[in-house]
Amino acid sequence: MSFPSPLARGYTHDAAPVPAGPAVPPLPELPSKGRRAVPWLVAVLVVALLGLVAYFLEAIGPGASIVGMIVALVPLAVVLLAVRFVDRWEPEPRSLVLLAVCWGAIAAVAIALAVDLLVTRAFGPADTPLREGFQAVIQAPIVEELAKGLGVFLIFATARRAFDGPVDGIVYGALVAAGFAFTENIQYFAVSMIEGGASQLTTTFILRGLLSPFAHVMFTSVTGFAVGLAARRGARTRDAVGPWLLGVAGAATLHALWNASAQFFDFFALYVSLQIPLFVLFIVGVLLLRREERRLTRERLGEYAAAGWFTPQEVDMLATPHGRRAALAWAGTLRGDRTALMRGFIADATTLAAVRQRIVTGRDPGAVADQQTLLARTVATRHALFAA
């Protein structure tokens, strides 16, 4: 018989098996309606993807398109990591995250290209300074922000139960914008490779991939913020049209300012003096909104604590990043490592706070049933966490 070390010799009997971890009974599930991507939107994206692939193969060619796609993955990854950081307090459903990215990468780009082709056919190519200026400062900002903003609005209209406030709106807007920038970058990088080889591709990558990966994100996040604010105030779909249009107008204005700085002014001077300060303000605004989300979570869970569903200590734990980290670390020390149980408890409690907010605003008739489901889930998970 072999032993793991000399000190282990002499122990030849079979050790008693480690007891199994606590059994968690099947938890009730929240209904998926209003929280998932609807099939007809997926079908629209599939059709648009076929047309978009045909366009790229015809206009740019497969080789350059593949090179452009590989290079475009770098800024896309940077943006998605940043969005994940913003969204980690109450993560959005994966199907909606994927829908948002795909809408920007496929449908929004297809809409912008279709409008551009129609305008070119009607007025000719943009081969004069006046036409170039119109295309860059008026046409592109309005059309592109409408196309991207439409994705944000459709997510709100079809999945309102996963669209609770400004942070959610910013996340969806940023994801749509990330997808749009990815496909747009493929085209820019591929054309640069064709026209100027690796040198021009490198320059374009520095300008678009390093200096401005968050430009589209910042624009469309304005639209998302406006729709999210309407959601927080209990707006229904028809009531959100006005805030959505206002958000699109704000996004198009920022977009036009950005394009004008490159078209008519000293781009780098305005980049340092205007765009960087705007981006800093954008980051500060997102951080303040995340703090508000934590405050709202504490307030709503405090209502359940007053009714006996949570202890005040649990509310402190669930409503602060430090408390959550400490809880996860503690759960990892329990028999069988119950970190996964604690993650589920935190996620359900956070969703419960959002559901309570929908009950308070009265915008979701199904929120009361969701509340009962989530309360049952948290009770069962708590029992499993403290089981012997």
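The values are calculated or read from the model by the stated rules, or taken from the named source; none is laboratory data. Worth saying up front: this structure is predicted, and the values here are computed from it rather than measured. So basically every Cβ, Gly included, is an ideal-geometry build from the backbone, and we count neighbours across all protein chains shown.
Summary table below
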| quantity | calculated |
| --- | --- |
| Test: residue in the stretch 80-103 that is part of a helix (DSSP H, G or I) and more than 14 Å from the chain's Cα centre (by Cα) | no |
| Cβ pairs under 6 Å, 6+ apart, first in the stretch 181-203 and farther than 17 Å from Val53 by Cβ, second surrounded by fewer than 17 Cβ atoms within 10 Å (Cβ to Cβ) | Ser192/Gln200 |
| Near pairs, Cβ below 7 angstrom, 6+ apart or cross-chain, from the stretch 111-126 (assigned to a helix (DSSP H, G or I)) to any residue that is modelled with pLDDT of 90 or more | Ile111/Ala147; Ala112/Val143; Ala112/Glu144; Ala112/Ala147; Leu113/Tyr55; Val115/Val143; Val119/Gln139 |
| When residues of the stretch 356-388 are limited to those that are surrounded by fewer than 18 Cβ atoms within 10 Å (Cβ to Cβ) and not in a helix (DSSP H, G or I), the one farthest from the chain's Cα centre (by Cα) | Ala388 |
| Unique residue being under 25 Å from the mean Cα position of the chain (by Cα), modelled with pLDDT of 90 or more and over 27 Å from Arg356 (Cβ atoms) when the list is Leu318, Leu281, Leu301 | Leu281 |
| Pairs, first at pLDDT 95 or above in the stretch 244-260, second of a type in the set (Ser, Thr, Tyr), C-beta under 7 Å, six or more apart | Trp244/Thr223; Gly247/Thr223; Val248/Thr223; Ala251/Thr220; Ala251/Thr223 |
| Some residue of the stretch 216-226 being under 30 Å from Ser32 (Cα atoms) and over 16 Å from the mean Cα position of the chain (by Cα) | no |
